[in-house]
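Below: the structure, in structure tokens.
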């Protein structure tokens, strides 16, 4: 193992989408217990620097592994299907229609209740999309198809953040 | 210094060298020092048995100063030279200080941080805080009759980079070596967690004299994971006093602009006294003789509650935000810990209990709990207790980013990110042939540059001329375990780069600190020389010992040439300790430390790789 190992190798878990969050949390803490700079405080600058590199690397891997969207993006990328969100916008057509409908609904929504309803719909869509992604990656190994769903989910997350911000604004 | 000894978990590098480490709670209204003695953390009392030191400094004349109770007693008589709540001024510019009208001091506008005009001249909040810290340091040295190895100092979780740096500078000025700044709520959780062996998700509600913090922590097997933190760095017990003063003035029909400095100090004192008395009474007499009027009436607890309800509400708003950031509901909280003297106010307890729907934990003294946690952490960080299973995974409290076109902030490290962390983002040039890029580093949650705190500016120069948008400049933010930031910008095609360690703009230079140190704590020349020689010998011996044991274990990492170099540097150190003075020994030790740094890094890397692989094999 070295600093260039994949997140999955570092955490000693199979390189697949389905993961047990509780196990990830426990692994993260176990690894930090070994590598965190605080464990080597009395051992000088070089030890601190090396420990910091490992500790940063472990945190980076954990951030990516625990977030389903980031994990899916990473899996597609290491399997030769990078997301390239800036240049490549290929997305499922039904999604494009769906998201236009949401946007219109959000623009019309004037109460917290109506916005909550949109939030519930988009959460449900995100849930279904994640299970599609799991199937495409773990069962079909079809990363090209998976990455399209990942792009769609990126849009959904941004949309969800927008809905939340609007709800916050109304709440204040 | 690179110390080569990599110890196995549970083993102290040098079992004979027990280091005196202290935890300091540098509070707005009072401060404490604690230490772990025979395995138990306890607050150290002064020679009259008092553990609390009022955070008050009085400049009596150009030479003499009073710190603590004596200063507090003089506050009404000498308000403009008696500084209290200086913590609220740390790292703050004149525009940051909202309650200026009520402060009885003369503030001077200085870049980055205000200073105060006193009878002893101009004093910065850093110098005033250093007086308090030095008093506590002397108390600890007297208690142990020994030097202090290092200190953990607590700061509100919501302190930004400038406030943290100011606290560190004050400690340095007080002659303390800072092992770590830790957040007050986290320190409280450590004190509670280790006492109770608790597991689960906890909310730490910390209302101090000048700041409010809320932190959500997860405790599992000695790991304290800060999930989110939030709060208000300008909301505390002082504000309750002030709101009460305003309410009283309105009731008595006295205009605030007719008050003298003595009136202000007397009102402040009466308000604090009434607030404290109302913790155990339903009404108290409120009586103050002002220069132009007498204020005298019976103050009821419910009036106090009404006068301050908006402040209590503000704390709950911050609690809701912290829960939302953690994506948790109130029901997910297993326990609520109250910290800070201001949580003694009945209306605060009532509000917290009804918000969470459960009684808060209060079995540790809310005044002491932060210092106790800091002491436990200091003991751990000084290597006295490396076997104990305590690990703190903290987060950064405020987002970090850089300025982009149109005065907007692009966030690079979002708040509540676990540290240490490194995060990067790519930027490009916006003009043809552009060869330099100005970077402006900011901290805060708002989208506009003007609403965030400016931390640093630097430039990346020497970018080869390209068409607009062709350069790829990767900007990397690295935040270490202390929460301090460094920023690197590198153009990916040409490889030109620039790096800056972020120090807030007021930042005292090392020279200024050295000067202040000499001004305040001059030690007899003779003493210093013999002490320096003894210390240099100890350091040299420790370095030799560490190098020998490192070679015994991992000499295979070295080429014959590298080995020969290390052997000759070791001989140099041995020779210096026998014949040389302090400076010669230090030079030789430093040469050995520098010369073995690469070796130390290799060993460390090997050690961690082994430990991590071991973890994964164990798990299978």
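Listed values, structure above:
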| read-out | value |
| --- | --- |
| Ranking of B:247, A:54 by count of other Cβ atoms within 10 Å, fewest first | B:247, A:54 |
| Using alpha-carbon coordinates, inclination of helix B:184-196 to the longest axis of chain B, degrees | 80 degrees |
| Relative contact order for segment A:93-171, counting Cα pairs under 8 Å that sit 6 or more residues apart, in percent | 38 percent |
| Per-selection Kirkwood Rh - segment A:7-66 (Cα, Å, 1 d.p.) | 12.0 Å |
| Partner chain coverage, peptide B:141-150 - average Cβ within 10 angstrom | 0 |
| Exposure proxy ranking, count of Cβ atoms within 10 Å, fewest first, for B:22, A:167 | A:167, B:22 |
| Helical mean residue ellipticity (222 nm; -39500 (n - 2.57) per DSSP H run of 4+; nearest 500) of the protein assembly as shown | -15000 deg cm²/dmol |
| Shape call, the protein assembly as shown: gyration tensor on alpha carbons, a/c limit 1.5 | oblate |
| Per-residue mean of C-beta atoms belonging to partner chains within 10 Å, peptide A:23-34 | 5 |
| Segments B:25-35, B:404-414 sorted - mean Cβ within 10 Å per residue, highest first | B:25-35, B:404-414 |
| Residue A:154/residue B:435 FRET efficiency (R0 41 Å; Cβ-Cβ; nearest 0.05) | 0.75 |
| Hydrodynamic radius of segment B:523-615 per Kirkwood, over alpha carbon pairs, in Å | 14.5 Å |
| Estimated distance in nm for a label pair at residue B:404 and residue B:497, the labels positioned 7 Å out from Cα along Cα-to-Cβ | 2.3 nm |
| Full-extension gain in nm, residue B:94 to residue B:555, via 0.36 nm per residue minus C-alpha separation | 160.2 nm |
| Förster radius 35 Å - calculated FRET efficiency between residue B:568 and residue B:324 (Cβ-Cβ, nearest 0.05) | 0.05 |
| Burial ordering of B:215, B:613, fewest other beta-carbon atoms within 10 Å first | B:613, B:215 |
| Relative packing of peptides A:142-148, B:453-459, B:171-177 - highest average C-beta neighbours within 10 Å first | B:171-177, A:142-148, B:453-459 |
| Distance between modelled label sites at residue B:298 and residue A:139, nm, 7 Å Cα→Cβ extension | 7.7 nm |
| Neighbouring partner chain Cβ atoms per residue of B:417-426, average, 10 Å criterion | 4 |
| Chain A - percent relative contact order, Cα under 8 Å, separation 6 or more | 24 percent |
| Relative contact order (percent, whole number), segment B:129-175, Cα cutoff 8 Å, 6+ residue spacing | 65 percent |
| Simple spin-label estimate for residue B:359 and residue A:112 in nanometres, 7 Å along Cα-Cβ | 3.2 nm |
| Label zone at residue B:258, where the point sits 7 Å out along the Cα-to-Cβ direction: segment B:288-314 residues whose backbone N lies under 16 Å | B:288-296 |
| Nearest-ten-degree value, helix B:161-173 long axis tilted from longest Cα axis of chain B | 80 degrees |
| Estimated FRET transfer efficiency (residue A:22, residue A:120; beta-carbon r; R0 35 Å; 0.05) | 0.85 |
| Cα shape, segment A:93-171, gyration tensor, a/c 1.5 rule | prolate |
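Coordinate-derived values only; no laboratory data. Since we're looking at a predicted model, the values are computed, not measured. So basically every Cβ, Gly included, is an ideal-geometry build from the backbone, and we count neighbours across all protein chains shown.
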